[in-house]
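Contents: one structure, followed by commentary.
The values are calculated or read from the model by the stated rules, or taken from the named source; none is laboratory data. Note that the coordinates shown come from a computational prediction; the quantities given were computed from them, not determined experimentally. Note: ideal-geometry Cβ built from the backbone for every residue, glycine included; neighbour counts use all protein chains shown.
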Amino acid sequence: MKLLNYEAVQYNKNSNLVVLKLEGEVANLEDFSLPFAKKEGIKKLDVRFPKTTLIYYAIVPATISSIKFYYFNTSTTEFKPMTISIKVEDETVSTQSDIRPSEDKNKKIKIALIAIATLLLLSLYVWKKSILALIFAALFFFYGVYLLIPIEKVCVKKGSKIYILPTKQSTVFEISKAKKVYEVLNHVGKYVKIKLSNERVGWVKNEDICKN
């Protein structure tokens with residue numbers, strides 16, 4: 001048994017999505033399962049006796065930092081452990097984006113505070129003739145305008161593949177079941193980062209975006 005490749009990304013604030021590519025010799029990998037997985041499945045099973053290749057995915061608690069399981073080694077006729085460290089892909093590095101799938105629920109409060117701060121700074125400028133107060137008032141004003149910019153949204157075609165990362169080798173972890181509109185989080189090359197349900201994120205190709 002050996003690990004050929006793996007990917008791990010944040011699924012939501014409490015879980016991570018892990019994809020494993022395993023290869024076994026004279027192995028029943030179709031029965032592979034992790035008892036602590038919240039959800040799991042087999043993406044691909046390639047049996048070419050005596051070798052079998054498995055692409056397996058699981059949603060696991062974010063508190064788990066490694067996956068450990070035992071397999072029966074037919075050469076030594078004994079159970080052996082395999083441990084895989086979970087290193088969650090940091091999209092701030094891999095995609096040059098610092099946008100996270102967390103919704104700003106305090107946006108209205110933030111805008112109100114910015115408006116109050118701007119008015120106070122303008123009053124201070126009128127009273128004290130402070131250029132510094134005017135500069136900060138302008139900064140607060142433009143930041144408030146930025147927050148009011150409408151969120152970009154796109155329509156994704158039915159049957160579109162949703163990837164973990166914006167790369168050719170990335171794993172498809174979901175396929176859209178219907179034509180639907182999603183919030184856009186970022187653009188990288190030929191891919192668009194969209195916000196899915198339950199604070200999840202995914203990437204779709206530009207060609208899968210509705211034209212109308």
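When you scan region 197-212, do you find a residue that is surrounded by 15 or more Cβ atoms within 10 Å (Cβ to Cβ), of a type in the set (S, T, N, Q) and within 21 Å of residue 12 (Cβ to Cβ), even just one? Taking every residue of region 197-212 in turn, none turns out to be surrounded by 15 or more Cβ atoms within 10 Å (Cβ to Cβ), of a type in the set (S, T, N, Q) and within 21 Å of residue 12 (Cβ to Cβ). Residue 94 fulfils the conditions (1) small (Gly, Ala, Ser); (2) at pLDDT below 80; (3) farther than 30 Å from residue 33 by Cβ except for a single criterion, (3).
Going by the conditions given, is residue 37 crowded, with 19+ Cβ neighbours inside 10 Å and small (Gly, Ala, Ser)?
Details: crowded, with 19+ Cβ neighbours inside 10 Å: no; small (Gly, Ala, Ser): yes.
Criteria not met by residue 37.
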